[in-house]
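Reading through the structure tokens given below for one structure.
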Amino acid sequence: SCGGKGKSSSKKRRAVPVKAAKVVRRDISRVLELTGNIDPWQQVEVTPNISGKVAKIYVDAGDTVKQGEILAKLDTEATELQLEQAEAGLAIAKSNLKDAELNWKRMQNLKAKGSVSEQQYEKVQLAYNAASAQLKQAQAALDLARYQLDVSIMKAPFAGVIASRNLNEGEMINPMMMMQGSKGVVTLMDISKIKIKASVSDRDEKFIRAGLPVYIRVDAHPDSLFRGRVYTVSPAANLMTRTFEIEIEVANPEQLLKPGMFARLEVIAEKKEGATVIPFDALIEKGGNRYVYVVDGSIVHKRAVATGLRERDLIEIVKGLKPGEAVVTFGKENLEEGSSIVTDGGERG
């Protein structure tokens, strides 16, 4: 038994090799790590308001277009004939009204003199009213023909890039028959900025609000860090996943971020300046308690700590440590209160 005691004390005296790090004062943030898919800021299927045959498509996939630029048009031959017909109809209706108006004024004068019967007077009055109605009808027909000609020309509702050309010239399109998810003549999207949809757990939702900064990384540009902001936060959780959907807005002037790309996100949910910080590797958790081994010359002391924000491999200490102290980051599993240590540099007490 004496030999056993000797062995135990010899083990206790043997110095444990460790690595240590200083407790520092620095800014620290609560970072929520999320993932999401990149979507265009806005996207539209460009379709005419009326059915017809596609006569001309002026753009191809990849083309950049300005707002109001003509993208495609329908065959307008029949509409142009209808317009001519409506213009002629309006000219006739104006002439008829002018004639009816003259007759109506003449009849009013004759009636004042008592020279016409009530029946003759009413007949001319009805003719004038009918000519007025016919003029309105002719004007409406002309307006409709102009409208049909106008909407036969498809223009870009916003500046953007053509994502795809979905029909060929000569094919028919009927917007009334289009189902949800159907393609237009061309698909236009705005990627001058993009949005990323991501899901936040109900545990982290309380830290999220519109305007928070977000850092974005994509595999296509591993050396680039893009910056955005939280744009919207859903007020209700998804019933299936119990998560809250957020949208992130990111400026994309060089159009390096493309729709469909997978993005890794870091939302900076909270920031503290001048916090007491140690490497996360120094922390030991057992039975709900947290503690560290503090270096005191050639030995260590086990000390309980209270933690705050965590940012990647750093953690804030809100109670238990002071800047300038040193804590064990590697080799801590082999330590106990009062253990003798040798640091990575070879020093030993």
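What do you reckon, is A141 under 30 Å from V54 (Cβ atoms) and free of Cβ contacts under 8 Å to residues at least 40 places away in the same chain? First the steps, then the outcome.
Numbers: under 30 Å from V54 (Cβ atoms): yes; free of Cβ contacts under 8 Å to residues at least 40 places away in the same chain: no.
No, not satisfied.
Restricting attention to segment 248-276, and to residues there that are among the charged types (D, E, K, R) and touching a Gly at 6+ places or on another chain (Cβ under 9 Å), which single residue is surrounded by the fewest Cβ atoms within 10 Å (Cβ to Cβ)? Can you show your working first?
Quick first cut of segment 248-276, residues among the charged types (D, E, K, R) only: 249, 254, 258, 264, 266, 270-273.
Restricting the remaining residues to those that are touching a Gly at 6+ places or on another chain (Cβ under 9 Å) gives 249, 264, 272.
Values: E249: 17, R264: 13, K272: 17.
Only one residue tops the list, namely R264.
Hey, any hits in segment 146-156 for a residue that's of a type in the set (A, V, I, L, M), within 30 Å of E45 (Cβ to Cβ), in contact (Cβ under 8 Å) with a residue 12 or more places away in the chain and part of a helix (DSSP H, G or I)?
Taking segment 146-156 as the starting set, the residues that turn out to be of a type in the set (A, V, I, L, M) are 149, 151, 153-154, 156.
This time we only want the ones that are within 30 Å of E45 (Cβ to Cβ), so: 149, 151, 153-154, 156.
Going one step further and asking which of them are in contact (Cβ under 8 Å) with a residue 12 or more places away in the chain, we end up with 149, 151, 153-154, 156.
Filter once more, keeping what is part of a helix (DSSP H, G or I): 149, 151.
Checking segment 146-156: at least one residue is of a type in the set (A, V, I, L, M), within 30 Å of E45 (Cβ to Cβ), in contact (Cβ under 8 Å) with a residue 12 or more places away in the chain and part of a helix (DSSP H, G or I).
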I'm trying to understand the selection: among the residues of segment 24-54, which are in contact with a helix residue (DSSP H, G or I) (Cβ under 9 Å, 6 or more places away or on another chain) and either over 30 Å from K272 (Cα atoms) or at pLDDT 95 or above (or both)? T47, P48, N49, I50, S51, G52
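For every residue, the table says whether it meets (1) free of Cβ contacts under 8 Å to residues at least 24 places away in the same chain; (2) more than 30 Å from E80 (Cβ to Cβ).
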| position | (1), (2) |
| --- | --- |
| L97 | no, no |
| G114 | yes, yes |
| E118 | yes, yes |
| Q125 | yes, yes |
| A131 | no, no |
| V161 | no, yes |
| L167 | no, no |
Can you list residue pairs whose Cβ atoms sit under 6 Å apart, with the first residue in segment 7-23 being under 12 Å from G331 (Cα atoms) and the second being in a helix (DSSP H, G or I) and at pLDDT 50 or above? Count only pairs 6 or more apart in sequence or on different chains. V16/N334
Top-ranked residue of segment 71-100 - restricted to ones that are among the aliphatic types (A, V, I, L, M) and outside any helix (DSSP H, G or I), ranked as farthest from Q139 (Cα to Cα): L71
Given the conditions (1) touching a strand residue (DSSP E or B) at 6+ places or on another chain (Cβ under 6 Å); (2) within 19 Å of E311 (Cβ to Cβ); (3) assigned by TED's automatic domain parsing to the domain that holds T35, and given that R203 satisfies all but one, which numbered condition is not satisfied? (1)
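Does E77 satisfy being within 44 Å of the chain's Cα centre (by Cα) and under 30 Å from A145 (Cα atoms)?
Numbers: within 44 Å of the chain's Cα centre (by Cα): yes; under 30 Å from A145 (Cα atoms): yes.
Against the criterion (within 44 Å of the chain's Cα centre (by Cα) and under 30 Å from A145 (Cα atoms)), E77 qualifies.
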Go through segment 197-211 and report how many residues are out of contact with any Phe, Trp or Tyr (no Cβ under 9 Å at 6 or more places or on another chain) and either under 24 Å from G260 (Cβ atoms) or at pLDDT 95 or above (or both). 2
Here are the criteria: (1) within 18 Å of the chain's Cα centre (by Cα); (2) within 30 Å of I268 (Cβ to Cβ). Tell me which single one A163 does not satisfy. (2)
Any idea which residue in segment 278-300 is nearest to the chain's Cα centre (by Cα), counting only those that are aromatic (F, W, Y) and more than 15 Å from L314 (Cβ to Cβ)? Y291
The residue that is farthest from A220 (Cα to Cα), considering only those in segment 234-260 that are part of a loop (DSSP other than H, G, I, E, B) and under 13 Å from the mean Cα position of the chain (by Cα), is S234
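The values are calculated or read from the model by the stated rules, or taken from the named source; none is laboratory data. Nothing here was measured: the structure is a model prediction, and the numbers come from that model. Note that each Cβ is placed from the backbone with ideal geometry, even for glycine, and that neighbours are counted across all protein chains shown.
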